[in-house]
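Structure first, then comments.
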Amino acid sequence: MEIQTFEHDVLVIGAGGAGMRAAIEAADAGCSVGLVCKSLLGKAHTVMAEGGIAASLGNVDDRDGWKVHFADTMRGGQYVNNWRMAELHAKEAPTRVRELEQWGAVFDRTKDGKILQRNFGGHRYPRLAHVGDRTGLEIIRTLQDHSVHKSQIAVYMECCITKLIKDGERVVGAFGYYREKGRFVLFKAKSVIIATGGLGRAFEVTSNSWEYTGDGYSLAYNAGAELLDMEFIQFHPTGMVWPPSVRGILVTEGVRGEGGVLRNKDGKRFMFDDIPENYRNQTAKDPEEGWRYTQGDKTAMRPPELLTRDHVARCINREVKAGRGSPHGGVFLDIAWIKERVPNAREHIKKKLPSMYHQFMELGGLDITTTAMEVGPTTHYTMGGVRVDGDTQMSCVPGLFAAGEAGAGLHGANRLGGNSLSDLLVFGKRAGEHAAKYAKEQKHGWIDEAEVKASMEWALHFMDAPKGDENPYKVQQDLQKMMQAQVGIVRKEDEMRTALEEITKLKARAVAVQAPANREYNPGWHTCMDLSNLLIVSEALTKCAIERKESRGAQFREDYQEKSKEFGNCNMIIKKGIDGQMQLRREPVTPLTDELKAIIDEQAK
Amino acid sequence: MSTAVGDAAPHQRTFKVWRGDKTGGKMVDYTAEITPGMVVLDAIHQIQATQASDLACRWNCKAGKCGSCSAEINGKPRLMCLTRMEALPEGDVTVQPMKAFPNIRDLVTDVSWNYTVNKKITKFTPANPGTRFVAEDGTFRMQQRDVERTQEMRKCIECFLCQDTCHVIRDHEKHEVFSGPRFFARAASLEMHPVDVADREPFLKNEGGIGFCNITKCCTEVCPEHITITDNAIIPLKERIADRYYDPVTMLWRWVTGADKKDG
Ligand SMILES: Cc1cc2nc3c(=O)[nH]c(=O)nc-3n(C[C@H](O)[C@H](O)[C@H](O)COP(=O)(O)OP(=O)(O)OC[C@H]3O[C@@H](n4cnc5c(N)ncnc54)[C@H](O)[C@@H]3O)c2cc1C
Ligand code: SF4
Ligand code: SF4
Ligand code: FES
């Protein structure tokens, strides 16, 4: 059977913010770049990002600067972050945002005509550059329109990579298929960047699309790379809960940033009841102070609704479990109340949160300017991922790089809102730069034809010679339900052990899935292939979650409710053993430099 | 305005879904169970998961943000993820692929033509530092009101429903000489950017074929982002082009002064 072959210096897998930024950088360095994505160009997750991009431009509050942003990111991540990445990110994000403006992005403006910034959870000062609540769309379209004019970049849309090809230790290419015709394709490359995003589809309630099946993690893992801290999955506190068909769809934190408050069924602002010690001196004493903060009063502290996401999600979970939730199993998020404070509140809300207004109006039949929303936690973001060098984004496999949500280290145990979009640009650029540099030092490697043939046969057997008659959608749904129940927002050892057993059973079922024999745009067939990725990442994250016997950031253990010194000092590393089994080890967190430690101490005052 | 979603009991509905490829196809009947608040995309997913695992469709965000799930529902170009079952009249629901683009399979069409057109539009080209909207350090100084028009155009999610509905493309197949409403909106977003200095008017007039548009406003009607494509993009662009190319006074003025379209 015929396989199309393409040759590039750098192959970028994934065309979200991270992948496109990397492609632009590598092209500008003079490399020929292949840019591959599973959907059409411009439809990646980045397009859905709402609230904004974090960068200490200091346009709204000039007390902001990279040091504050750095300290906020480390505190949010509970100090298991890769500090080098947190440092580079805080230092370089402003330049990356200004660069986007030079490329045509049109952010909302301050009164003196600069880029406007808004408040977000865990950020000390108003720091998120934004465009209403469609910031991701602005970013992806800007990158897209900037890159389409570069002749060095060849885009391969609706093309899915299923395997990385190695020559000895080095990655030298990738194999995949076109969704449209089901034809196979081989990319030869001197370096490969994984920018495939996260794994939210391993859970039942999620803000993530069908694409987030953890492909990049599993590609890297199978190629011998290490995965870092996979237990840290962010459950965003506010997803839609009603109607059922929209369960999980995100309600941006921007709602709370603009003054939205959380209430239980008794109308109580329950967030005031539980403020963690390390945030106490940065949190408002009463609702009045919280309101002033959202309106830009520099002397006020933030309302507790804007504490970090892990904490807010757990508080909501607690209210619901205690029977104080809303009719459909969430709590109330109320922005309509601001009419008591703001003249013309209706227009104000529609202007500040246009897509939330439409989302609720069109999907829930609810007017957020008059009625409180019902919200609850939703699986949102993967802090863990491919372990990379902080400066170059290269993994331990030569020639293999990772950036964006697929990479790991920056966010530690919990990501602050807005820190992902900036992550994409800062480390997308770095990955592009270093992958280009690496590519220039290499020749194309040798491709093992037998390996390619085996990959192709594996793909085809789901149609031609299935080992059973399992429905791939059903297996995926069963996995999602199981993960939600056993490895979700509140975790316990015995439940997670059960999860591992279930994963073993699901693996057996996944081997037996089958699809109708039709190569053209056959989502059933594609789902068969995605399953193996989902199962690898589910196993990895469950194993890490069991091993980390403490509650930290996004990981909450009912059986170990406190932070532990021992675990606070270590990262979890997953690697494929020589025997093909998944191996887990702990490694000490690299200690901070004295200079950075001093910054953190200074900012904690 | 839509109504609030109640807890109504689930019930069955029939979907007539177009199945086939570029060689032809037919409408196939499926039944889906409808729960409160359900959208057409949910029904398609249900059919996929239980009755036709190879039913091809595109989607990503399920919230009207990515522009992937465009189709023709009961004959009208719409996003499947934003079309609530309650909002459709009683009876069977037909779901067909967009008609203005070649079919790939089932509900998936070949929209690559749009990506080709996009490449022809000159990219954003900023004015020099020290000009009206650009500070000496190169950062921009624009008021919110200066950017409102361009921001409206930039809301586009590239669903291509406007392209699908425009008769110049749909019925007259002028793909070669007409860029379509989506790209008039894109060109307008750049032309209206206070800092941009490139000139896209010759493109719009010639390759873009803006003259073919006879302002039927069908594109504006279907736009899920509620962009007023006709009034705020196409008409102002047409006016500029008319001024520049057909108004003898302006032409003479330009010839004498060599004036460019913007004052930097
Ligand atoms: C609803 C929502 C709102 C959000 N809001 C914010 C916000 O306000 N601020 C913020 O900072 N962050 C936000 N986030 C998070 C942020 O949007 C994402 O983390 C970020 O966009 C990820 O970007 P990326 O470039 O890493 O991946 P993506 O943008 O997801 O791109 C992944 C790419 O990889 C491709 N791909 C995947 N697997 C394969 C494969 N096997 N072969 C080929 N290609 C593949 C996909 O097709 C896609 O092109 C939000 C996320 C969601 C879901
Ligand atoms: S207004 Fe013009 S571009 Fe829009 S649908 Fe009508 S003819 Fe087409
Ligand atoms: S202008 Fe509107 S209808 Fe046209 S592609 Fe953009 S969002 Fe879709
Ligand atoms: S799935 Fe994104 S617009 Fe419908």
## Note on the structure
Looking across the range A:40-49 at residues that are part of a loop (DSSP other than H, G, I, E, B) and crowded, with 24+ Cβ neighbours inside 10 Å, the single one that is farthest from ligand 2 (Cβ to nearest atom) is A:Ala49
### Query
Can you name every residue in the range B:40-78 that is polar (S, T, N, Q) and within 16 Å of ligand 1 (Cβ to nearest atom)?
B:Asn60, B:Ser68
### Task
Specify the residue that is nearest to the other protein chains (Cβ to nearest Cβ); the eligible residues are those in the range B:92-146 that are among the aromatic types (Phe, Trp, Tyr) and touching a residue at least 24 places away in the same chain (Cβ under 8 Å).
B:Phe124
### Query
Residues A:Gly77, A:Gly58, A:Gly51, A:Gly17: which one is at pLDDT below 95 and in contact with a Gly (Cβ under 8 Å, 6 or more places away or on another chain)?
A:Gly51
### Task
Would you please list the contacts, defined by Cβ atoms under 7 Å and residues six or more apart or on different chains, that run from a residue in the range A:478-491 that is open to solvent by 20 Å² or more (accessible area, probe 1.4 Å) to a residue that is assigned to a strand (DSSP E or B)?
A:Ile489/A:Phe235; A:Ile489/A:Pro377
### Failed condition for A:Gly113, given (1) in contact with a Gly (Cβ under 7 Å, 6 or more places away or on another chain); (2) open to solvent by less than 10 Å² (accessible area, probe 1.4 Å)
(1)
### Query
With (1) open to solvent by less than 20 Å² (accessible area, probe 1.4 Å); (2) among the acidic types (Asp, Glu); (3) within 11 Å of another protein chain (Cβ to nearest Cβ) as the list, and A:Asp215 as the residue in question, which single condition is left unmet?
(3)
### Task
Kindly establish whether A:Arg170 is within 14 Å of chain B (Cβ to nearest Cβ) and either open to solvent by less than 30 Å² (accessible area, probe 1.4 Å) or touching a residue at least 12 places away in the same chain (Cβ under 8 Å) (or both).
no
### Task
May I ask you to list pairs of residues, at least six apart or on different chains, whose Cβ atoms are under 7 Å apart, with the first in the range B:50-65 being in a loop (DSSP other than H, G, I, E, B) and the second being within 16 Å of ligand 2 (Cβ to nearest atom)?
B:Gly64/B:Pro224
### Message
Of the conditions (1) surrounded by fewer than 24 Cβ atoms within 10 Å (Cβ to Cβ); (2) under 27 Å from A:Ala49 (Cα atoms); (3) out of contact with any Ser or Thr (no Cβ under 7 Å at 6 or more places or on another chain), A:Glu288 satisfies every one except a single condition; which number is it?
### Response
(2)
#### Entry: Residue satisfying condition, being open to solvent by 50 Å² or more (accessible area, probe 1.4 Å) and within 11 Å of ligand 3 (Cβ to nearest atom), within set B:Glu207, B:Glu221, B:Glu225
B:Glu221
#### Entry: Test set (1) more than 16 Å from ligand 4 (Cβ to nearest atom); (2) of a type outside the set (Ser, Thr, Tyr); (3) within 14 Å of chain A (Cβ to nearest Cβ) - B:Glu158 fails condition number
(1)
### Query
Of these, A:Met373, A:Met383, which one is open to solvent by less than 30 Å² (accessible area, probe 1.4 Å) and either charged (D, E, K, R) or over 24 Å from the mean Cα position of the chain (by Cα) (or both)?
A:Met373
### Message
Of the conditions (1) over 20 Å from A:Cys160 (Cβ atoms); (2) away from ligand 4 (no atom under 16 Å from the Cβ); (3) open to solvent by 10 Å² or more (accessible area, probe 1.4 Å), A:Asn222 satisfies every one except a single condition; which number is it?
### Response
(1)
### Query
Within the range B:40-54, can you find the residues that are away from ligand 4 (no atom under 14 Å from the Cβ), farther than 14 Å from A:Tyr521 by Cβ and more than 7 Å from chain A (Cβ to nearest Cβ)?
B:Gln46, B:Ile47, B:Thr50, B:Gln51
### Query
If you take just the helices (runs of 4 or more DSSP H) that sit entirely in the range A:505-605, which of them hold at least 1 residues that are closer than 17 Å to A:Met74 by Cβ?
A:565-568, A:594-604
### Residue list for the range A:536-545, restricted to those being out of contact with any strand residue (DSSP E or B) (no Cβ under 7 Å at 6 or more places or on another chain) and open to solvent by 10 Å² or more (accessible area, probe 1.4 Å)
A:Ile536
### Task
Within the range A:241-273, work out how many residues are within 14 Å of another protein chain (Cβ to nearest Cβ) and of a type in the set (Lys, Arg).
1
### Query
Hey, among A:Gly197, A:Gly248, which residue is more than 16 Å from ligand 2 (Cβ to nearest atom), modelled with pLDDT under 95, in a loop (DSSP other than H, G, I, E, B) and at positive phi?
A:Gly248
### Message
Let me spell it out: the conditions are (1) away from ligand 4 (no atom under 16 Å from the Cβ); (2) touching a residue at least 12 places away in the same chain (Cβ under 8 Å), and B:Asn206 meets all of them except one. Which number is the exception?
### Response
(2)
### Task
Kindly establish whether A:Ala402 is at pLDDT 95 or above and surrounded by 23 or more Cβ atoms within 10 Å (Cβ to Cβ).
yes
### Message
Quick check on this structure: which one of A:Gly428, A:Gly432, A:Gly412 is touching a helix residue (DSSP H, G or I) at 6+ places or on another chain (Cβ under 8 Å), touching a residue at least 12 places away in the same chain (Cβ under 8 Å) and either part of a loop (DSSP other than H, G, I, E, B) or charged (D, E, K, R) (or both)?
### Response
A:Gly412
#### Entry: Test: residue in the range B:120-132 that is charged (D, E, K, R), more than 27 Å from B:Thr216 (Cβ to Cβ) and outside the structural domain of B:Ile47 (by TED's automatic domain parsing)
yes
### Message
Being open to solvent by 10 Å² or more (accessible area, probe 1.4 Å) and either among the basic types (Lys, Arg) or touching a strand residue (DSSP E or B) at 6+ places or on another chain (Cβ under 7 Å) (or both) is the filter here; which residues of the range A:242-275 pass it?
### Response
A:Trp242, A:Ser245, A:Arg247, A:Ile249, A:Leu250, A:Arg263, A:Lys265, A:Lys268, A:Arg269, A:Ile275
### Task
Please work out if A:His444 is in a helix (DSSP H, G or I) and open to solvent by 10 Å² or more (accessible area, probe 1.4 Å).
no
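The values are calculated or read from the model by the stated rules, or taken from the named source; none is laboratory data. As the structure is a computational prediction, the values presented were derived from the model and not from experiment. Reconstructed Cβ throughout: ideal geometry from the backbone, glycine too, with neighbour counts over all protein chains shown. Just the protein is used for accessible areas: all its heavy atoms, side chains included, with ligands, DNA and RNA removed. Shrake-Rupley method; radii C 1.70, N 1.55, O 1.52, S 1.80 Å.
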